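Trainee: Quick one: the structure is below, questions incoming.
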Amino acid sequence: MARPIAPDHADKRAALLRAAAQLFAAQGYAATGIAQLAVVTAGSKARLYHYFPNKQALLHALLAEHLQSLTDALQQVHAQADQLDLDGEARLALLMHRMIVLGARHADAAAVLRHELRQLDAAAQAALAPQIARLEHLLDRAITGAAPSLDTAQLPAMRAALRGLIDAPLGAAFSAQSDARPDAPMHDAARYAEQAAGLFVHGLRGMLAASQHTDRTR
């Protein structure tokens, strides 16, 4: 007969994942041994193995849950933008603001996603591929909403540029200030997101205008 799941199982699992994210972000996945993980996150190997069979499974769960939180947040952004009938630039600013806030509040998991995804084996990476594709689709929707004439072949580069602005130290600093004050409305992050979105859209329009000029002169 299977053992019943403890009422606090989900809370303990979430706390374990947060502790693992701190370790992986601070010293890297490869440099973090299972013994250290067990002591820091669960207290013992037996307790750690109660939640995850190995270090790969733990990393996969951490990344999958962070990707899901990002996806849920961006879906909410698009729903809110649709409800408010926001134009493309305002939608993009709202998306950037939400990602800055989420990235600051889950900074360790965000760092692990940026730097440790390739530590997963091929099967685990393939299992995350649909989540990553969905997240990219939501980012692309915001980008093309702000620049409808953008060639789809340019979307990966624009997506990378957008993520660079979102991950910029200035944006992280604004978010960290507000994260230290959980009740703060994060006006600084919102202002940064609005300015960064304007800069991004201005750059997009300049690039499109240059491309159109080149096409006309050929």
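The values are calculated or read from the model by the stated rules, or taken from the named source; none is laboratory data. Everything numeric in this text was worked out from a predicted model, so none of it was measured. We place every Cβ from the backbone using ideal geometry, glycine too, and count neighbours over all the protein chains shown.
Trainee: Quick one: would you say residue 26 is of a type in the set (A, V, I, L, M, F, W, C) and either surrounded by 12 or more Cβ atoms within 10 Å (Cβ to Cβ) or outside any loop (DSSP other than H, G, I, E, B) (or both)? Give the steps one after another, and end with the answer.
Mentor: Values: of a type in the set (A, V, I, L, M, F, W, C): yes; either surrounded by 12 or more Cβ atoms within 10 Å (Cβ to Cβ) or outside any loop (DSSP other than H, G, I, E, B) (or both): yes.
Yes; evaluated as a whole, the condition is true for this residue.
Trainee: Follow-up question, since we're still on this one. Which residue, of 129, 79, is within 16 Å of residue 143 (Cα to Cα) and among the hydrophobic types (A, V, I, L, M, F, W, C)?
Mentor: 79
Trainee: Is it fair to say residue 106 is under 27 Å from residue 196 (Cα atoms), buried (at least 22 other Cβ atoms within 10 Å of the Cβ), modelled with pLDDT under 90 and of a type outside the set (A, V, I, L, M)?
Mentor: No; evaluated as a whole, the condition is false for this residue.
Trainee: Could I ask something else about it? Has region 120-140 got any residue that is basic (Lys, Arg), in a helix (DSSP H, G or I), closer than 30 Å to residue 209 by Cα and touching a residue at least 60 places away in the same chain (Cβ under 8 Å)?
Mentor: Yes, that holds for at least one residue.
Trainee: Next question. I'm trying to understand the selection: among the residues of region 104-123, which are under 16 Å from residue 18 (Cα atoms) and in contact with a Gly (Cβ under 8 Å, 6 or more places away or on another chain)?
Mentor: 110, 116 - these are the residues of region 104-123 that are under 16 Å from residue 18 (Cα atoms) and in contact with a Gly (Cβ under 8 Å, 6 or more places away or on another chain).
Trainee: If residue 150 satisfies every condition in (1) without any contact (Cβ under 8 Å) to a residue 60 or more places away in the chain; (2) hydrophobic (A, V, I, L, M, F, W, C); (3) in a helix (DSSP H, G or I) but one, which is the exception?
Mentor: Residue 150 satisfies every listed condition except (3).
Table: residues versus (1) among the polar types (S, T, N, Q); (2) farther than 19 Å from residue 191 by Cα.
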{"site": "67", "(1), (2)": "no, yes"}
{"site": "80", "(1), (2)": "yes, no"}
{"site": "85", "(1), (2)": "no, yes"}
{"site": "100", "(1), (2)": "no, no"}
{"site": "119", "(1), (2)": "yes, yes"}
{"site": "151", "(1), (2)": "no, yes"}
{"site": "157", "(1), (2)": "no, yes"}
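Trainee: Assigned to a helix (DSSP H, G or I), among the polar types (S, T, N, Q) and under 25 Å from residue 118 (Cβ atoms): is that true of residue 80 in this structure?
Mentor: Working: assigned to a helix (DSSP H, G or I): yes; among the polar types (S, T, N, Q): yes; under 25 Å from residue 118 (Cβ atoms): no.
Against the criterion (assigned to a helix (DSSP H, G or I), among the polar types (S, T, N, Q) and under 25 Å from residue 118 (Cβ atoms)), residue 80 does not qualify.
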